[in-house]
Every structure is written in structure tokens, then in C-alpha cells.
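The values are calculated or read from the model by the stated rules, or taken from the named source; none is laboratory data. Computed from a predicted model, the values in this text were never measured in an experiment. Positions of Cβ are backbone-derived with ideal geometry, glycine not excepted, and every protein chain shown enters the neighbour counts. Only protein heavy atoms, including side chains, enter the accessible area calculation; ligands, DNA and RNA are left aside. Shrake-Rupley method; radii C 1.70, N 1.55, O 1.52, S 1.80 Å.
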Amino acid sequence: MALLELRDVTRRFGDFTAVDCVNLSIEAGELFTLLGPSGCGKTTLLRMIAGFDVPDSGQILLDGQDIANTPPEKRPIHTVFQSYALFPHMTVADNVAFPLKMSGKTPAEIKKRVEKALEEVQLSRFTHRFPHELSGGQKQRVAFARGLINRPRLLLMDEPLGALDAKLREDMQRELISLQKEVGITFVFVTHSQDEALALSQRIAVMNQGQVEQIGEPSVIYSHPANRFIADFIGKINLMAARVTQVSDNDMTLEIDQLGTTTLPLKQGIKTGDQGVMAIRPEQVSVHALARHAELPHAHTGKVLDFLYVGDVTTYIVELDCGIRVEALLANSSPGRARFFEVGDSVIVSWTREAAQFLMN
Ligand code: ATP
């Protein structure tokens, strides 16, 4: 049985539907992420799981029991917020001890458990400091320790790394993954950052306008997005308006605006007349000097319009002769060879049949 199950959960504010008939199950021990653009309903969903808000319809089950009538403080669930919500006048140890004090544990037990919790988040040396004497990352770790101290069944986190700089954020992501493995508690993480979701999660639910559009492992969501919105939202992708003109046993023929006709492996459920996009990730696009044209599949000539060198990779924008712009990402793996092409170079752009996919609008 799933640890947490949402069945047709809906929340309206006036005539606006913030969460629209959401169904999902989260297994015990998972690090699960709710990902979606700002305003898609992630926080509203999290607040209903925590008990700070109630659905207009639908059910929230924990271990198979409907928790609709259980107040937040009675749910075995803790929420960590982006703002940390630490008590400024209390030391690190007192902040972490707070939930135990509220539940009436003895001073000896509190001391032992606080020591262990601070060890888990590597803050043992900071026991007596106050929040204003800590860095952002350290404050966030205090909030995690406080969240974990009562060993909740579920730890909910709403953009907990949002206030940290990029480098620290990456370190904290790694720490969170190992912390979650160590404590074995189910984490539900909310973010609008697709990089963060891909890096952290065992599974992701991608939300858009109150609905869950796809649930899956990060690699599946990245390589097989269910539709155009997800492809565009997760990572960079080239999208070309396309229409299905023919479907056979194994293939489908697409008519792509400006580019012409191409065939791709047939996808289930696609029929002649469907409108959508042909999608290709930049790292699946290769760029070659003009001479190699003859041997390449799906090859198109064009000119380098621009490039962006970002250390480990270079992104090239190539304008094809037909006018379409294609983005290609080339790894700068050979030392001293950071730039393969210059602006204005004539090049061939190609991709394999498997790299391109048709996605419905
Ligand atoms: P963000 O990433 O910006 O935090 P989110 O995905 O968490 O966004 P929510 O905070 O869940 O989005 O909000 C979803 C939608 O519901 C938004 O359009 C928001 O304006 C609306 N909303 C949220 N709470 C209320 C409320 N109490 N009254 C009216 N509208 C609300």
C-alpha cells in the first residue's frame, strides 16, 4: 500500500481551480518532487497534505486512512519552509528540541535526540549558536533537523533551498539525498526548478495549471516527456511545429513547417492529422563541417548564428537554410579545443531518427 495517496483532490478559490482533480501515490521511503511553474498549485497541494488547507473534493489517504479530519498537529507530517521559520531568540539546540518539548519528552531524552539530530545534519559544533549567527545553508540544516526530530512519516519541503546561492544549493541537494537515505523518511519536495527536481528526486510529478501532467523517474521525464509543455519546461529542447501526414505499421510521416517531410518511429496513439511539434534535445543535435554531408541522416545545411561558451559545454545556434533555428550543445571535452565553429561558418546539422520525437500540443 502507498504511504500517501491523493484521490481526485481538488481545491478552488472562488471560480479559480488551483488544484484540479489530482491523483498520485507516494511510496514509503521515496524522495518525491512536485515540479511546475509558479502558480501551478504545488504549494496549495502541499498545504492540503500538511492539513493547513482542505480540499473541496477528493481524498487524502495516509497508510490507507482518510486524514481529512485530522488537524495538522496530529498528522505524522512535518513541513519545512523556504524561510526556515526558526525561532530567532532560541539556540540551534533549542530550535531543534522544540517539537520534542511540545510533545512532553523528558530533558534526558530531548538532549540525546537533539545531539543525534544535529549530528545527522553535521551541525554538532553549532549547538549554542543563535540563528543570526548561522549561514543560510546552516539555518536550513537546523530546519531539517527540527523537521526530522519527531521522526515524521512524511517530511514536506516547500522550496527549501530557494534562498541559497547556486553552489550551496548543489551541496545541499547532495546532503538532502544522503540525509534521506540515512533516515529513511519519505520526503515530498516542492520546486519550480527543473534542474533541482532532476538532480534530487526518485520520482517527479510535473504539474501545470493545477493538474498533474506526468509522473515518473527523472530520466524518463527528461527523455520521454508526455507532451509539449513538459518537454519545453524540463531542460532545453528544439521544437518545430509539425503535422502527422501518414501513419504506417512502424513509422509516421511528419510535415514540418519550413523543414519539409521526415519519418519517425511510430508512437502509440498517434493518427494522421494530429498537430504538434517535433522535439529534439540540443545534446542530440550534432554539428559538422560542410564536407561530411553525404553520410549523415536527417542532415540540413545552415550557418552558425551565435554561440555561448559555458566552460564545460558550448551551445551553438544554427540557422538552417530553410530559416529554422536549431540549438546544439557540444561538450568541450578535449583540452584547448573549446570552440569548434565560428559565427558565420557554414555547417551541417543532423540528428538520428531516434533522437527526434513527435509531441502533441
Ligand atoms: P509558486 O511556485 O509561485 O509558489 P505554486 O505552484 O506553489 O506557485 P500555489 O501557491 O499553489 O502555486 O498557487 C496556485 C494558484 O492558486 C495561484 O494562482 C494562486 O494565486 C492561487 N491561490 C493560492 N492560494 C490562494 C488563496 N488563498 N486565495 C486565492 N487564490 C489562491
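In a reduced charge model with +1 at each Lys and Arg Cβ and -1 at each Asp and Glu Cβ, the chain shows a dipole moment near 1240 debye about its Cα centre.
With the highest mean first, a sort of the peptides 161-174, 35-48, 178-191, 71-84 on other beta-carbon atoms found within 10 angstrom per residue produces 35-48, 178-191, 71-84, 161-174. Here the spin labels are modelled as points 7 Å beyond Cα on the Cα-Cβ line, and at residue 275 and residue 89 they lie 6.3 nm apart. Ordering 145, 360, 160 by the projection of their Cα atoms onto the charge dipole of the chain, which places +1 on the Cβ of Lys and Arg and -1 on the Cβ of Asp and Glu, puts 145 at the extreme positive end. Comparing 291, 199, 85 in a Gaussian network model of the chain, where Cα atoms under 10 Å apart are tied by springs, the biggest mean-square fluctuation is seen for 291. Each listed q (0.08, 0.09 Å⁻¹) maps to a log10 I(q)/I(0) for the chain from the Debye sum over equal C-alpha point scatterers, namely -0.53, -0.65. Identify, among 124, 58, 97, the residue whose Cα sits farthest towards the positive end of the charge dipole of the range 58-153, taking +1 on the Cβ of Lys and Arg and -1 on the Cβ of Asp and Glu, with the dipole about the Cα centre. With unit charges placed on the Cβ atoms, the residue in question is 124.
Would you work out the relative contact order for the range 4-223, in percent, from Cα pairs under 8 angstrom that are 6 or more residues apart?
On the way: 409 pairs, mean separation 66.3, N = 220.
Over the range 4-223, the number comes to 30 percent.
If you count only protein heavy atoms with a 1.4 Å probe, what accessible area per residue comes out for the chain, rounded to a whole Å²?
Details: 17530 Å² over 361 residues.
That works out to 49 Å² for each residue.
By the gyration tensor of its Cα atoms, with a ≥ b ≥ c the square roots of the eigenvalues, what is the shape of the range 203-361: rounded for a/c under 1.5, prolate for a/b over b/c, or oblate?
On the way: a/c = 2.18, a/b = 1.33, b/c = 1.64.
The shape class here is oblate.
For the range 4-223, lysine pairs separated by 8 or more sequence positions, or belonging to different chains, with Cα-Cα distances below 18 Å total 9. Taking Cα centre as origin and charging only the Cβ of basic (Lys, Arg, +1) and acidic (Asp, Glu, -1) residues, the dipole magnitude of the range 1-133 rounds to 540 debye.
Can you compute the FRET efficiency between residue 255 and residue 353 using 1/(1 + (r/R0)^6), with r the Cβ-Cβ distance and R0 = 22 Å? Round to the nearest 0.05.
Details: r = 16 Å, r/R0 = 0.75.
Efficiency computed from Cβ-Cβ geometry: 0.85.
With the helix formula -39500 (n - 2.57) applied to DSSP H stretches of n ≥ 4, the chain reaches a computed 222 nm mean residue ellipticity of -7000 deg cm²/dmol. For the pair residue 17 and residue 168, the difference between a 0.36 nm per residue extended length and the Cα-Cα distance amounts to 50.8 nm. The residue list 298, 317, 332 was ranked by how far each Cα lies along the charge dipole of the range 282-352 toward its positive end, using unit charges on Cβ atoms, and 332 comes out on top.
Taking the 1.4 Å solvent-accessible surface of the range 236-300 as the whole, the part contributed by carbon and sulfur is 46%. For residue 212, the residues whose amide H sits under 5 Å from its own are 23, ignoring neighbours fewer than 5 places away on the same chain, with H placed 1.01 Å from N. Cross-link reach is defined here as a Cα-Cα straight distance under 28 Å, omitting same-chain residues fewer than 8 places apart; for residue 303 the lysines meeting it are 236.
What ranking do 90-101, 305-316, 320-331 get when scored by the average of other Cβ atoms within 10 Å per residue, highest first? Numbers along the way, then the final one.
Values: 90-101: 20.0, 305-316: 14.0, 320-331: 16.2.
Result, highest mean first: 90-101, 320-331, 305-316.
From most to least packed by mean Cβ count within 10 Å, the peptides 202-213, 264-275 give 202-213, 264-275.
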